1. Say the dipole of the chain comes from +1 at the beta carbon of Lys and Arg and -1 at that of Asp and Glu; which of C354, L132, Q32 then lies farthest toward its positive end?
2. Among Y246, L230, L8, which residue has its Cα positioned farthest towards the positive end of the charge dipole of the chain, with +1 placed on the Cβ of Lys and Arg, -1 on the Cβ of Asp and Glu, and the dipole taken about the Cα centre?
3. For region 202-272, which trypsin sites (Lys or Arg not before Pro) are in a loop by DSSP, counting at most 13 other Cβ atoms within 10 Å?
4. Please list, or write none, the lysines whose alpha carbon is within less than 25 Å of the alpha carbon of K119, excluding same-chain residues fewer than 8 places away.
5. What's the ranking of 78-84, 28-34, 176-182 by average number of surrounding C-beta atoms within 10 Å, highest first?
6. How far is helix 139-152 tilted off the main Cα axis of the chain, in degrees rounded to 10, range 0 to 90?
7. How are the alpha carbon pair distances in the chain distributed across 20 Å bins from zero to the largest one, expressed in percent?
8. Averaged across orientations, what area in nm² does the convex hull of the alpha carbons in region 250-361 project?
Amino acid sequence: MKERYPRLEINLAHLKHNVAKVVEKCGSYGIQVAGVIKGATGLVEVAKQFDQGGASFIASSRLEQIEDAKNAGIKKPMMLIRVPMLSEVSDVVRLADVSLNSELEVVKALNAEALKQGKIHKVIVMADMGDLREGYWDKDEMADVCEYIEKELSNIQLMGIGTNVGCYGSISPTVETLDDLVEIAEHIEERLGRKLEYISGGATSSLMRVWDGNIPERINLLRIGEGILLARDLDVFYGYDMSELYQDVFRLKAEVIEVKDKPSHPVGTIAVDAFGHTPTYVDRGMRRRALLAMGKVDYGDPSELLPLEKGIEVLGASSDHTIIDVENAEKDWKVGDIMEFDICYATIVYLTNCRNVNIAYV
Ligand SMILES: *Cc1c(COP(=O)(O)O)cnc(C)c1O
C-alpha cells in the first residue's frame, strides 16, 4: 500500500523507553509519575506506552481522551488535570478517578454526583504558586477548603495538593517554590490531623529538580507530558542533558509538490497574507524553493518545523502549503520527494488532531 502524506510517525518503543526512564529517575526520589497524554491528543497507542512504561496514573485535560484510554483497556487510575467544568461533573465522576480542583463549588458538585453514582472521587486541590493559571492564591482559603472537603463531603477523598508552574506565567519550579508548596501541605496536614497522600509538584519543568537531585523530599507526584513525549524543552531551553531519553519519538514527513527557482521577495503590491497579517520578506534574489503539501491547518506554526536535512529553511506557510528554501540543500529536491522534520510539542498536538494527517506507528 502506498504511504499517505503528511505522515506523522510515532516510535512506540522509544516512547515506552522514555516513560520507563522518567518513571525510574523519579522513582529513585520516591516520586510517582502521572503520564500526561494530551500532547498526543490521547492516542490510545500512546496512552498504552505510558501505561506499560510504568506511569502510576494516566492523565489528560480532556475527558474524551480518558474515555478512549479506558475503552482501550487501560486499568490505571485516570486523572483529569484540567479543573472540571461544572457542566461535565457527571462524566468526570464516571470516567476519572482523580481530578485537580480549585473551586469548592465544583468539588461539592462532584460530591453530589459521586453520591449518585455510588463512587468515591479523589481530588488534588491546586495551589497557585505564582504561575497565575489555576489554583488558590489565598492559601488560608485553600486550607479552609481542604478541611471542608475532609469533614463535610462524604464521597470526595482529599488525595493531596498540587501546583502547576511554567504554563502561563513562565514560573520556574525552584527549590524554594516547591519548599513553599510542601509548607502549605504541612499546614493543611496539621489542620486535618493526618498526612496527605500526594504532593504534586508540577509538570515537565519540575523534572529539572529531579535531574539536579534537589527536589524537596515530600514532593511525590509529577505530571509529565512533554518530558516523555519529546524530552526536548529542558534540553533546548535550560541545557539539561536529556541523552538518556529519545528525542525522536515523533517525526513528520511531507511530500514535495513543486520545485522552482523564484524570487525571494514577493512581486507586486504587498497587502495581507492568508491570515490577515503583513509579514516582511527579505530579498535574497532568486532562490530554489520546494512546496510541501501540508500547511498551518495540519501543524499550526511553521517555525516549529525542524528540517532533518541541513541547508533547508522553512520560509513560511499558508493553510495547506509550506514553502521551503532548498537553495543550499545537499540534495537535489524533486517533485514527489519526502521531506522529514523533527517537531515541537504544540506541533504534535495539532498534527494528532488533524484528520488530514496519516498517523503511523513504527
Ligand atoms: C499539561 C499539563 C501537565 C503536563 O505538562 P508537561 O509540561 O507536558 O509535562 C501537567 N499538569 C497540568 C495541570 C497540565 O495542564
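Readers should treat all values here as calculations from the given coordinates under stated rules, not as data from a laboratory. Predicted model only: the values in this text are computed from it and were never measured. Ideal geometry is used to build each Cβ from the backbone, glycine not excepted, and the neighbour counts take in all protein chains shown.
1. Checking the options against the dipole of the chain, the answer is C354.
2. Highest projection toward the positive end goes to L8.
3. Details: sites: R209, R218, R223, R232, R251, K253, K260; in loops: R218, R232.
Passing sites in region 202-272 do not exist.
4. K70, K75, K76, K108, K151, K195
5. Ranking, from highest mean packing down: 78-84, 28-34, 176-182.
6. Tilt of helix 139-152: around 60 degrees.
7. Taking all Cα pairs of the chain, the binned fractions are 27, 49, 21, 2 percent.
8. Projected area, direction-averaged: 7.3 nm².
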